[in-house]
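Read the structure below first, then the notes.
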Amino acid sequence: MRFVDGIRPDVTADIVYMMCPMHLLKLEDMMKGLQPGQVLEILTDYDGALEDVPEWCDKTGNEFLGMSESPDFYKLYVRKANGCKPCCPLNTGPKGAGARGTCPKDRARGNKA
């Protein structure tokens, strides 16, 4: 688990007291309202989210930035992907998901990422 400090989220989702599968459903719903590159902060006290959220990010191509901890809950940070599929090179590397540009696979078809 990567611990982070000083991340400034665009949106915060307070899902304290929500358990599986509601925390993932809320996460998915909140991500729909974000623009690529924006960061969602998730407040939760559910230990299972520490594994579930990074796995969800891997499956969806969104970037799990890390977490911080307070006495009452965890803060998890997710950056919305740029719309490319998880296999796209724009979703890997130091900039991670949310990098602006065109997916190499879509570029040939004339589609923007």
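Details
- The range 1-78: C-alpha gyration tensor shape, a/c 1.5 cut-off, then a/b vs b/c: rounded
- Summing charges over all other residues whose Cβ lies under 13 Å from the Cβ of ILE7, with Lys and Arg as +1 and Asp and Glu as -1, gives 0.
Throughout, read-outs are computed from the coordinates displayed, never taken from laboratory work. Computed from a predicted structure; not experimentally measured. No Cβ is skipped: glycine too gets one built from the backbone with ideal geometry, and neighbour counts run over all protein chains shown.
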